[in-house]
Amino acid sequence: MKLRKDEKQKVRKEGHALAKERIGIIGGTFDPIHAGHIAMARAAMQEAGLDRVLVLPTGNPPHKHDISPAADRWRMVCAATAQESGLEPCSMELEREGVIYTVDTLAALHEAYPKADLFYIIGADTLFELQNWKDYIRVLSMCTFLVCPRKWDKKPAEIVEERRRLTALGGSFQMVNMDIVDVSSTQVRKALVEGRPMADLPVVCREYAGLRGLYGMPARLRTPEEWLTRLFQDLSVKRFAHTLAVAYTARHLAKIHGVDLRQAEEAAVLHDCAKCLPLKEMQRICIEHQLTDDQAVLESGALMHSIAGAYLAATVYGEEDPDVLRAIACHTTGKVGMTPLDMVVYLADKIEPTRESYPTLEKVRVLAQLSLERAMLCSMEGTKDYVRKGGKPMHPQTLETIAWLKTIKKNGTNEMHS
């Protein structure tokens with residue numbers, strides 16, 4: 001008997017309601033989290049049909065010592081997963097005191113998600129370490145293990161035999177089909193200290209480590225703990241990750257175009273410090289301190305956060321450099337007579353590597369390597385087209401900036417700052 005369309009939909013809905021949520025877990029010190037961790041989580045999610053994967057940095061593992069502070073590892077995990085659909089940072093282990101054991105974590109997760117099936121994501125090397133875990137027989141019964149391939153000295157036959165032995169003890173295992181990502185946190189830390197490029201480290205983590213001064217690197221911020229702590233508290237996770245990506249890009253552009261690295265990075269770090277404030281609070285700051293009487297700006301948080309941000313950068317974060325504050329203040333509308341520093345911050349905000357694609361993105365990225373002025377003009381004209389298509393007026397200051405940039409290009413001086 002065939003079911004009508006509405007009956008099929010009812011069956012699907014009822015089946016979905018009865019199905020248990022499938023939650024993956026990937027744990028580790030994540031010092032720092034890298035592309036290998038993220039690739040394992042993605043592959044396991046797809047292979048096992050997981051609804052989500054909890055990324056759990058451990059607080060005090062029994063087998064590792066001399067690791068970075070929990071707060072720093074947590075922020076890097078949050079930033080690295082901000083753009084990863086289905087990956088959710090989980091601070092459960094960081095919030096517990098004492099030595100952390102997986103058996104306790106799984107018990108707590110079963111309590112928190114009583115109707116879910118749990119899947120623990122491990123590398124094939126960890127398969128041989130399970131017997132050393134506390135209460136490992138109990139652990140075997142608490143989840144299904146998703147085993148990802150790793151580059152190491154064990155033979156396939158040995159893996160099969162160990163899996164068979166653990167299955168006989170009550171374990172459940174599924175091998176994950178994925179390419180081997182040959183990277184370790186040890187390799188990443190070494191590359192950071194030596195200043196070598198590291199494609200397997202998310203740029204947000206590379207930037208955070210440099211700003212904070214982790215892994216033996218000198219901190220690039222004057223007060224890194226204070227600034228990064230406050231930004232992480234005041235911004236959404238995605239905005240915090242965006243901020244790190246902008247700082248990374250600003251530093252890169254500053255090196256190319258001879259702009260002061262400290263100024264570029266500090267301005268980029270603070271450029272969105274007011275972005276997540278409620279509109280009324282931004283309005284209060286701007287009116288109370290007479291920062292602007294431009295009604296178009298006062299009605300738009302998207303424009304006003306730059307002016308309010310410059311004020312907060314000075315009064316809350318203690319930024320004293322007027323060039324840095326000016327770059328923050330004009331990073332939304334632009335201004336006639338923008339300096340190379342101003343342009344670096346403006347462009348870094350528009351082209352940072354985690355930006356969602358838009359029509360002129362790749363062109364602006366290429367131009368930004370060659371000429372700040374040409375990249376600015378391309379970016380602003382693209383924004384003008386987008387705003388006009390939406391039926392909204394462009395801010396006059398942006399139109400004035402576009403006209404000024406065209407004058408520079410016409411006079412043949414578009415390379416004067418590059």
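When peptides 192-200, 280-288, 394-402 are ranked by their average number of other Cβ atoms within 10 Å per residue, the highest-first order is 394-402, 280-288, 192-200.
Computed from the C-beta positions of Glu288 and Val366 and an R0 of 41 Å, the FRET efficiency is 0.45 to the nearest 0.05.
What is the local net charge at Gln283, summed over the other residues whose Cβ is closer than 14 Å to its Cβ (Lys, Arg +1; Asp, Glu -1)? Charge balance near Gln283 sits at -3. Can you work out the PRE-style zone for Val103? Point 7 Å along Cα to Cβ, and I want the residues of region 136-180 with backbone N under 16 Å. The answer is 136-143, 169-171. Within the shell of other residues whose beta carbon sits under 14 angstrom from the beta carbon of Val259, the net charge comes to -3, with Lys and Arg scored +1 and Asp and Glu -1. With a simple spin-label model that places each label point 7 Å from the Cα along the Cα-to-Cβ direction, the separation between Val387 and Thr315 comes to 2.7 nm.
Let me make sure I get this right: for region 357-405, a, b and c are the square roots of the gyration tensor eigenvalues over alpha carbons, sorted descending. Under 1.5 in a/c it's rounded, otherwise prolate if a/b > b/c, else oblate. Which is it? Because a/c hits 1.5 or more and a/b fails to exceed b/c, region 357-405 counts as oblate. The accessible surface of region 119-219, taken with every protein chain in place and a 1.4 Å probe, is 50 percent carbon and sulfur.
Under the combined filter of DSSP loop state and at most 16 neighbouring Cβ atoms within 10 Å, region 318-396 retains these GluC sites (Glu not before Pro): Glu320, Glu356. Each other residue within a Cβ distance under 14 Å of Ile351 adds +1 if Lys or Arg and -1 if Asp or Glu, for a net charge of +2. One chain, two ends: Lys151 and Glu111. Fully extended at 0.36 nm per residue, the span grows by 10.9 nm beyond their Cα-Cα distance.
Residue-wise HN-Hα couplings along region 393-398, as the Karplus relation 6.51 cos²θ - 1.76 cosθ + 1.60 with θ = phi - 60° gives them from phi, are x, 7, 5, x, 5, 5 Hz; Gly and Pro carry x. If the chain linking Glu400 and Ala302 were pulled fully straight, counting 0.36 nm for each residue of separation and taking away their Cα-Cα distance, it would gain 33.4 nm. Label region 102-237 by shape, choosing from rounded, prolate and oblate, from the square roots a ≥ b ≥ c of the eigenvalues of the Cα gyration tensor; if a/c is under 1.5 it is rounded, and otherwise prolate applies when a/b is larger than b/c, oblate when it is not. It comes out oblate by the Cα gyration axes. Mean residue ellipticity at 222 nm, helices only, the chain: -16500 deg cm²/dmol; runs of at least 4 DSSP H residues each add -39,500 (n - 2.57), and the sum is divided by the number of residues. Is the shape of region 223-286 rounded, prolate or oblate, going by the alpha carbon gyration tensor and its root eigenvalues a ≥ b ≥ c, with a/c under 1.5 for rounded and a/b larger than b/c for prolate? Judged from the Cα gyration tensor, region 223-286 comes out prolate (a/c at least 1.5, a/b above b/c).
Beyond 21 Å in Cα-Cα separation lie the following of the pairs Lys20/Lys238; Lys275/Lys350; Lys335/Lys406; Lys335/Lys384; Lys238/Lys363; Lys255/Lys275: Lys20/Lys238; Lys238/Lys363; Lys255/Lys275. Applying 1/(1 + (r/R0)^6) with r as the Cβ-Cβ distance of Asp179 and Asn132 and R0 = 35 angstrom yields a FRET efficiency of 0.80.
The values are calculated or read from the model by the stated rules, or taken from the named source; none is laboratory data. The structure displayed is predicted, hence computed values, not measured ones. Heads up, the Cβs are rebuilt from the backbone with ideal geometry, glycines too, and the neighbour counts pull from every protein chain shown. The accessibility values were calculated without ligands, DNA or RNA, using every heavy atom of the protein model including side chains. Shrake-Rupley method; radii C 1.70, N 1.55, O 1.52, S 1.80 Å.
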